[in-house]
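Peer 1: The structure that follows is given in the form of structure tokens.
The values are calculated or read from the model by the stated rules, or taken from the named source; none is laboratory data. Values in this document were obtained by computation on a predicted structure and should not be read as measured data. Note that each Cβ is placed from the backbone with ideal geometry, even for glycine, and that neighbours are counted across all protein chains shown. Side chains included, ligands, DNA and RNA excluded: accessible areas come from the protein's heavy atoms. Shrake-Rupley method; radii C 1.70, N 1.55, O 1.52, S 1.80 Å.
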Amino acid sequence: QVLAKLSAQRGAVIVWMCAARLLKLGGFRSQEVGNLARPHATPATRGEAFPDAAREAAPCIAGGPNIQGPANALRRCATSSSKGPRPLAAPPTAALAKASGPRAQWSASAARPLSRLRCCHGRPLGCTAAQSSDRTAELSAQHLANASQGPASAALAKEQAFAAPPAEGSGKASASKPEELSGMASAFASLQIVDEKLMDAIAAASISKSSEFGSRSLAGMLWSFATVAILDEPLLKAISKAAVTRLQHQAGRTGGRRAAWKPQELSTSAWSCATLCFEHEPLLDSIAEAAVIIIAEFGAQELSNLVWSMATCAYRDDPLMEAISSSSIAHIAQCKSQELANTSWAFATMKVDDRPLFDAMAAQSMITIPSAEPRHLSGTVWAFATLAILHRPLLEAMSSAAQAQISAGIFGGRALSNTAWAMATLAWLDA
């Protein structure tokens, strides 16, 4: 408590020095070490300091009676680290040693901080997964979601994750909160684990609670079902209806609490509709309107994903296209070859001939050509040809890159076909 007060008066450096010295003394129980981390989760002390101090506290943590202390310490470190700390070595080791302790929920609680702290090694997460798997009957819906999201966030291999939570989760889905339902669905979608019984249970529970979902949970649910290619129309309609209501709140067209939709949530929702060929026009209308309002907050990838999704759904909204064009030009230096190919394909597919945008994309494409894949090269040149835009420097650069990839045997048939059609359409003869 003293340290917490000091953080507001003396700054993070003094607090860290005091904490580091205290942690070296020994004799602290694991619970006390976990609690000592609390002051460092405050905004005034966020950074690299406490994770470094936590490494020095390894003997204290390891000597505790159960996994609660390591789990608390891990959670505090994850909360305090905004810049992405180095992987922690000691707390995961302590967590491994105590993972078979009497309280299974602490194994589940340790999984998410491990992944957030970039501890993506199979052994720590695999151990917490295995221990949680053996005792899923003891876990609540929230702990099941936590236990599954840890390995998923760390991209742990499917075979290293646990298989029991799907079966257990399907029985507890009806008691889960919206964020738990979305979190569990997202976790298993990330791991490409398709369990129809679990997804059916999540869908049924989500339909009845769709009005309670926030923007993040709505987008996450759409993304999860799109990622595992499950077209559950009752769920998609319920989620889309709830999303439209939330988006209208953001646009200020209806009363009530405003929903703060972020660019990633908007682009992800549109991508999910396109991937599942689920063309819900009211939802696309609302996404387009909300995106125009906050278009300045979009990054290059989000802009590319959004316009690709709209083109795939054959949905054209001129104010949105104008906003995406202006913002894409502003972010053109951050665009990679895939984003350039997707954006040019989308504008060409919707027959939007925006010369300033295509000039900017041509210039950036010549910079990104060395890292471009065959589909990026052929997709970009196809878009220019579709709109009859003859940009000779770009075509020369892409022709040379295509020849090199053909010689290397990596330029596939579809890429060859699209490129040949584009060159013929533009009457371009490569000398």
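Peer 1: Please verify whether the range 329-338 includes one or more residues that are under 28 Å from Ser400 (Cβ atoms) and in contact with a Pro (Cβ under 7 Å, 6 or more places away or on another chain).
Peer 2: Yes, the range 329-338 contains at least one residue that is under 28 Å from Ser400 (Cβ atoms) and in contact with a Pro (Cβ under 7 Å, 6 or more places away or on another chain).
Peer 1: Given (1) in contact with a Phe, Trp or Tyr (Cβ under 8 Å, 6 or more places away or on another chain); (2) open to solvent by 30 Å² or more (accessible area, probe 1.4 Å), where does Lys237 come up short, assuming only one miss?
Peer 2: The number of the failed condition is (1).
Peer 1: Shifting gears a bit: Any idea how many residues of the range 321-355 are of a type outside the set (S, T, N, Q), more than 22 Å from the chain's Cα centre (by Cα) and over 20 Å from Met398 (Cα atoms)?
Peer 2: The total comes to 10.
Peer 1: Which condition from (1) aliphatic (A, V, I, L, M); (2) within 28 Å of the chain's Cα centre (by Cα); (3) at negative phi is the one that Ala314 breaks?
Peer 2: All conditions are met except number (3).
Peer 1: Out of Ile410, Ile389, I need the residue that is surrounded by 15 or more Cβ atoms within 10 Å (Cβ to Cβ) and not in a helix (DSSP H, G or I). Which one?
Peer 2: The conditions single out Ile389.
Peer 1: For the subset of the range 195-226 comprising residues that are of a type in the set (Ser, Thr, Tyr) and touching a residue at least 40 places away in the same chain (Cβ under 8 Å), which member is farthest from Pro263 (Cα to Cα)?
Peer 2: Ser224
Peer 1: Those residues that are assigned to a helix (DSSP H, G or I) and either farther than 22 Å from Ser304 by Cα or open to solvent by 20 Å² or more (accessible area, probe 1.4 Å) (or both), I need them from the range 370-386; list them, please.
Peer 2: Within the range 370-386, Pro370, Ser371, Pro374, Arg375, Trp382, Thr386 meet the criteria.
Peer 1: Could you check how many residues of the range 271-290 are open to solvent by 20 Å² or more (accessible area, probe 1.4 Å) and either on the phi > 0 side of the Ramachandran plot or touching a His at 6+ places or on another chain (Cβ under 9 Å) (or both)?
Peer 2: 1
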